[in-house]
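The values are calculated or read from the model by the stated rules, or taken from the named source; none is laboratory data. These figures come from a predicted structure and were not determined experimentally. Here the Cβ positions follow ideal geometry from the backbone for every residue, glycine too, while neighbour counts run over all protein chains shown.
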Amino acid sequence: MKISMLAKSAAVALAFGLIASTPAHAVDLQGSGASFPALMIEACKAPFANSGSGHTYTYASSSSGTGQKNSDNKIGDFWMSDDPYTAATKRSTLIHVPLVAAPIAVLHNLPSRNTLSLSASTIAGIFAGTITKWNDPAIVKDNNREFNKIVYKTKNGVLVKDSKGDPIVARSIPTKTRYTLPNKPIKVVYRSDSSGTSANFTNYLNKSAPTVWTKKNNKVFKDSFPGDINSPANLGRIVSAQSSTGVAQTAGKTPYSITYAEVNYATANRLKIANVINPAGNSVAPESVGVGAFLASATQDANGFLSYDYATKEKGAYPLGIVSYLLADTAYPDKAKADAVKAYANFVLSPACAQVKGEDLGFSVIEGELLKKAQSQIAKIG
């Protein structure tokens, strides 16, 4: 017997505790912070309002730094950050909830329709300025090779894992790549504002290619840059723009450029998306399954912070997957507001948001042990 979509939606909502009578005090939540999860948060706004909780929300997208500052000043009710907030100004009652997962994509403006593949050391070299032309031997090597394309087992769009929590490989497809690259200078576009995306991107570069990207990660890209970003050699080669929108628009107008941003900025700006060569030697696209395989190797501490394993040998892992955190309080003065923030967080994690809305926008579903840990953090909100 077929189950109606309405019945399925009701079952999903019930499982996540989303169906409830309208509360005595419906709350219009105000959120702010990271731009990285903004498209998914906005897409889930109307479904949340219609979910039966009685609550609504608005979200002001800016940057992780703004979200963190607003949390300090208690401007609004919840905040989003792409990197853990550990400043001395952080109050003890503020907790982190891994809420939205997605890949950071390497976007480029090459004319060819071929899929570009780049290893960590090559990406680091391009952004550091040691690789300055598209036909550099390192890029040529990355794109003229053999590797295995990994296909994971999924059920209803969700990764199937074994008893250890590892994704199950359905099949491995031998693949050859051949790409003739142009003899053109590379134009690098980076984010100038304080950004969790930049913090995660530079962390990947430093942890995955430490001999090339020699400085620690930073929310401000230029402060992590391994050299003098304003040197004569970098004039015209590397330019900046504010926000993911800004770098994507700049790269879209600049032939032979490269930048980093969310996947969904590619189409609107006529940019192409590069695959990343992972430590297992496989070229992986920034898709939900690959991000899920990468995040499965992450560890989480008592504060909710994730530590990513950039050296994981998981065959199909996309090593530039990240989580955007909800910053919420364990001591809201208004219980109705605390309950509304809990309802918001549970809804964003639910299939009704993460799968139905998020996956179409390039986001990944938080599931398994990571989902359980996120839900345990939500339970602390009060």
Hey, any hits in the stretch 35-55 for a residue that's farther than 30 Å from Asn275 by Cα, at pLDDT 95 or above and assigned to a strand (DSSP E or B)?
no
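Before we move on, is Ala280 touching a residue at least 12 places away in the same chain (Cβ under 8 Å), farther than 21 Å from Ala43 by Cα and not assigned by TED's automatic domain parsing to the domain that holds Leu118? Steps first, please.
On the way: touching a residue at least 12 places away in the same chain (Cβ under 8 Å): yes; farther than 21 Å from Ala43 by Cα: yes; not assigned by TED's automatic domain parsing to the domain that holds Leu118: no.
When the stated conditions are applied, Ala280 does not pass them.
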Take the conditions farther than 20 Å from Leu118 by Cα, crowded, with 17+ Cβ neighbours inside 10 Å, in the same structural domain as Pro279 (by TED's automatic domain parsing) and among the acidic types (Asp, Glu) and apply them to Asp193. Does it pass?
yes
Give me a count of the residues in the stretch 199-233 that are small (Gly, Ala, Ser), touching a residue at least 40 places away in the same chain (Cβ under 8 Å) and surrounded by 15 or more Cβ atoms within 10 Å (Cβ to Cβ).
3
Note on the stretch 80-90: residues out of contact with any Lys or Arg (no Cβ under 9 Å at 6 or more places or on another chain) and either over 25 Å from Gly358 (Cβ atoms) or not assigned by TED's automatic domain parsing to the domain that holds Asn346 (or both) are Thr86, Ala87, Ala88, Lys90
Enumeration of residues in the stretch 300-358 that are among the aliphatic types (A, V, I, L, M), in contact with a helix residue (DSSP H, G or I) (Cβ under 7 Å, 6 or more places away or on another chain), assigned to a loop (DSSP other than H, G, I, E, B) and modelled with pLDDT under 95:
Ala317
Quick check on the stretch 91-117: of everything there that is within 23 Å of the chain's Cα centre (by Cα) and not hydrophobic (A, V, I, L, M, F, W, C), which residue is farthest from Thr245 (Cα to Cα)?
His96
